[in-house]
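The structure appears below as structure tokens.
The values are calculated or read from the model by the stated rules, or taken from the named source; none is laboratory data. The shown structure was predicted, so the numbers you read here are calculated from the model rather than taken from an experiment. Note: ideal-geometry Cβ built from the backbone for every residue, glycine included; neighbour counts use all protein chains shown.
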Number of protein chains: 2
Amino acid sequence: MSNFPKTERNEVRRVAKNSKYDRQTIYEILDENFVCHVGFSIGEQPFIIPTLYARIDDSIVIHGSHISRMLKNLSKGINVCITVTMVDGIVLARSAFHHSMNYRSVVAFGTGELVENEDERLHALYAISENILKDRWNDCREPNDKELNVTSVLKIKIEEASAKIREGDPIDDAKDYDLSYWAGVLPIETNFDKPIPDAKLDEGIKLPDYLKKY
Amino acid sequence: MSNFPKTERNEVRRVAKNSKYDRQTIYEILDENFVCHVGFSIGEQPFIIPTLYARIDDSIVIHGSHISRMLKNLSKGINVCITVTMVDGIVLARSAFHHSMNYRSVVAFGTGELVENEDERLHALYAISENILKDRWNDCREPNDKELNVTSVLKIKIEEASAKIREGDPIDDAKDYDLSYWAGVLPIETNFDKPIPDAKLDEGIKLPDYLKKY
């Protein structure tokens, strides 16, 4: 897969050695997550809203109520920034100054477009559902016309993006390696826990296979 | 503690029953996290950058290199949006439409101001460090003048904010409770894992007490 162009907008300037512009790295980070932060501005006022998403080819799709302020604004085609961040650990250096985070993040830029075609809308909703929990879509009631009528689906084609990744040990100044402070990484793990049945779940309904691994 | 005012900017309109405007709820969510998403606009282009932070009274402090594009722009006093999101679980309803997330998020609005006073700067750096890992600041080399000279500290007084919290079981349409799909919550847990010593750590240096609980 090719690289995204490096422009004034997406070029990483701080610790540029940790930056990546190739689609493979960027799409891997996007595909490993399902909550993004969507940024847009109304006049000079920025807003950031967390929301569910999926990547479909070179686009990110999000959905919500047709009366959502965010979706109504984004469907006008204004500029959007979408950021996805995974925090992997706290980097404890010998000096306060070199403390850091291990993380993988993507910052993507584009403009939104309402998805109007019904098949494409349903496919986007399916993709969002599958990105959250694979195999769930086929094990629940599909949306009916009334529900689809109050749902907006927005597609943001990724025009530019960058990833930033930091991993591994702290990097201290050469002379600080003689200091007697503990140094290393405190890893952070995000995991699914045991599924909790709805209080109203019929006792005869067994946990489906796709949830058994948790 | 008092409520933040509810305005055009911070009022939650979607699923408004999950919204909170009281400082206690908002500050608890802010204090439980250490990575925020900072949103700002240059012209009509929004940017969202993940960064470390701490809350000090009614303000959020962030830091970075004095040549950081984000900090240089924010120090001009432009509008800032800061969002903090914790994802607590996937809510599996009987209908695709009522699938949701359990989460706690804060969206805060303000404007940035460079912290110039040296004591206040050092206190902000201390607060950010303590917010990430309590007791670490006193167990590493403090920043020297050269390091402080290349570090900018920005304070954003929170003018308006809202929290949004969803918890508990799925809410399905009454007639869907008869469907035979499994329903409930798949919890998501974020935890620290066992600390990993730096490959260059002197073997004589023991794990400090504040890291032993992990």
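Remarks
- Residues in region A:17-35 that are assigned to a helix (DSSP H, G or I) and among the aliphatic types (A, V, I, L, M): A:Ile26, A:Ile29, A:Leu30.
- Some residue of region B:7-21 being surrounded by 22 or more Cβ atoms within 10 Å (Cβ to Cβ), modelled with pLDDT of 95 or more and touching a strand residue (DSSP E or B) at 6+ places or on another chain (Cβ under 7 Å): no
- Test: residue in region A:136-158 that is small (Gly, Ala, Ser), within 16 Å of A:Ala54 (Cα to Cα) and facing chain B (nearest Cβ under 10 Å): no
- Within region A:199-210, the set of residues being out of contact with any Phe, Trp or Tyr (no Cβ under 9 Å at 6 or more places or on another chain) and within 7 Å of another protein chain (Cβ to nearest Cβ) comprises A:Ala199 only.
- Residue match in region B:19-30 (condition: within 20 Å of the chain's Cα centre (by Cα), within 13 Å of chain A (Cβ to nearest Cβ), in contact (Cβ under 8 Å) with a residue 60 or more places away in the chain and under 30 Å from A:Arg9 (Cβ atoms)): no
- When residues of region B:122-135 are limited to those that are within 14 Å of B:Arg55 (Cβ to Cβ) and more than 10 Å from chain A (Cβ to nearest Cβ), the one surrounded by the most Cβ atoms within 10 Å (Cβ to Cβ): B:Ala124
- Residue count for region A:127-184, restricted to those that are in a loop (DSSP other than H, G, I, E, B), more than 27 Å from B:Ile188 (Cβ to Cβ) and free of Cβ contacts under 8 Å to residues at least 24 places away in the same chain: 2
- Residue count, region A:43-75 (criterion: over 21 Å from B:Ser162 (Cβ atoms) and in contact (Cβ under 8 Å) with a residue 24 or more places away in the chain): 11
- Selection within region B:194-203 - within 25 Å of the chain's Cα centre (by Cα) and surrounded by fewer than 13 Cβ atoms within 10 Å (Cβ to Cβ): B:Lys194
- Taking region B:58-72 as the range and being buried (at least 17 other Cβ atoms within 10 Å of the Cβ), more than 7 Å from chain A (Cβ to nearest Cβ) and in a helix (DSSP H, G or I) as the test, the residues that pass are B:Met70, B:Leu71.
- Breaking point among (1) part of a strand (DSSP E or B); (2) under 24 Å from B:Ser2 (Cα atoms), for B:Val38: (2)
- Verdict on B:Val87 being assigned to a strand (DSSP E or B), within 10 Å of another protein chain (Cβ to nearest Cβ) and within 15 Å of B:Val153 (Cα to Cα): no
- Verdict on B:Ile49 being crowded, with 22+ Cβ neighbours inside 10 Å, more than 9 Å from chain A (Cβ to nearest Cβ) and assigned to a strand (DSSP E or B): no
- Only one of the listed residues (A:Val80, A:Val87) is in contact with a strand residue (DSSP E or B) (Cβ under 6 Å, 6 or more places away or on another chain), surrounded by fewer than 20 Cβ atoms within 10 Å (Cβ to Cβ) and at pLDDT 95 or above. That residue is A:Val87.
Okay, residues lined up against (1) closer than 25 Å to A:Asn3 by Cα; (2) within 16 Å of the chain's Cα centre (by Cα); (3) of a type in the set (S, T, N, Q):
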{"site": "A:Asn117", "(1), (2), (3)": "no, no, yes"}
{"site": "A:Leu154", "(1), (2), (3)": "yes, yes, no"}
{"site": "A:Lys164", "(1), (2), (3)": "yes, yes, no"}
{"site": "A:Ala174", "(1), (2), (3)": "no, no, no"}
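Yes/no matrix, rows are residues, columns are (1) at positive phi; (2) more than 11 Å from chain A (Cβ to nearest Cβ):
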| site | (1), (2) |
| --- | --- |
| B:Glu120 | no, yes |
| B:Asp169 | no, no |
| B:Gly184 | yes, no |
| B:Glu189 | no, no |
| B:Pro197 | no, no |
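- Leading residue by the ranking (nearest to A:Val38 (Cα to Cα)) among those in region A:92-118 that are facing chain B (nearest Cβ under 9 Å) and aliphatic (A, V, I, L, M): A:Val107
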